[in-house]
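The structure appears right after this line, and notes come after that.
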Amino acid sequence: LEVSDNYLTGNLPIQLTSLTKLTHINLSNNTFSGSFVLPLQPLKQLQFFSIALNRLKGTIPDQIFTSVNNTLIVLNIGKNYFKGTIPSSIFTCTKLQYLDTSSNFFNGTLPRSIGNLQQVQVLYMST
């Protein structure tokens, strides 16, 4: 599903989770707002997920990426207004090759489990 670079607004569409065969979701560079409450559990084949360059805010549930930890290759949640700590379930995604959490308001320390990301080739975590 590729809908980046549009003027889409509102909350992230929860109906996406009914499309259980999706491997690619790119919702970046729109004006989605609200919290990231999209349950990823039904998307067991998800490899690419980007919600970068939106107006999403709040904390991200800690275990939200657990169900895609064996499939996710690209994760981009950069350039939003997220706060709190980076969800620990990101560091269980052992197939990740690209991770961008930059330009948010995350705080805390990086866990030792960042070492689990042995496939990462691109890593952006700046503020």
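The values are calculated or read from the model by the stated rules, or taken from the named source; none is laboratory data. Given the structure is predicted, the values throughout are model-derived calculations rather than measurements. Positions of Cβ are generated from backbone atoms using ideal geometry, with glycine treated the same way; all protein chains shown enter the neighbour counts. Side chains included, ligands, DNA and RNA excluded: accessible areas come from the protein's heavy atoms. Shrake-Rupley method; radii C 1.70, N 1.55, O 1.52, S 1.80 Å.
From Cα pairs below 8 angstrom and at least 6 apart in sequence, can you work out the relative contact order of the chain, rounded to a whole percent? Numbers along the way, then the final one.
Details: 333 pairs, mean separation 23.7, N = 127.
Here the relative contact order equals 19 percent.
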Report, to the nearest whole %, how much of the accessible area of segment 14-97 belongs to carbon and sulfur atoms, 1.4 Å probe, protein only. 56 percent
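Set the bar at 22 Å for Cα to Cα. Now go through LYS44/LYS83; LYS21/LYS95; LYS57/LYS79 and name every pair that lies beyond it.
Working: LYS44/LYS83 26 Å; LYS21/LYS95 19 Å; LYS57/LYS79 10 Å.
Listed pairs above 22 Å: LYS44/LYS83.
Calculate the translational D of the chain in whole µm² s⁻¹ from Stokes-Einstein, where the hydrodynamic radius comes from the Kirkwood formula applied to all Cα pairs, the temperature is 10 °C and the viscosity 1.306 mPa s.
On the way: Rh = 14.4 Å.
It comes out at roughly 110 µm²/s.
So how do 31-37, 59-65 stack up, highest first, on mean other-Cβ count within 10 Å? Show your work: numbers first, answer last.
Numbers: 31-37: 15.4, 59-65: 17.4.
By packing density, highest mean first, the sequence is 59-65, 31-37.
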Highest first, please rank the peptides 80-86, 95-101, 108-114 by the mean number of other Cβ atoms sitting within 10 Å of their residues. 95-101, 80-86, 108-114
Expected unfolding gain across THR109-SER126 under the 0.36 nm per residue rule, minus the alpha-carbon gap, is 4.8 nm
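Tell me the per residue accessible area of segment 3-127 using a 1.4 Å probe; a whole number in Å² is fine. Please list the in-between numbers first.
Details: 6540 Å² over 125 residues.
Counting only protein heavy atoms, the per-residue value for segment 3-127 is 52 Å².
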Spin-label proximity, THR94 to segment 51-71 - amide N less than 15 Å from point 7 Å beyond Cα toward beta carbon: 66-71
For segment 37-85 and segment 1-21, what is the centre-to-centre distance using only Cα atoms, to the nearest Å? 13 Å
Simple label model, 7 Å out from Cα along Cβ direction - LYS21 to ARG55, nm: 3.6 nm
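Summing +1 for each Lys or Arg and -1 for each Asp or Glu, what net charge is found among the other residues whose Cβ lies under 14 Å from the Cβ of SER33?
Summing Lys/Arg as +1 and Asp/Glu as -1 gives +3.
Suppose R0 equals 22 Å. What FRET efficiency, 1/(1 + (r/R0)^6) with r the Cβ-Cβ distance, do ASP62 and ASN6 give to the nearest 0.05? Show your work: numbers first, answer last.
Details: r = 30 Å, r/R0 = 1.36.
The calculated FRET efficiency here is 0.15.
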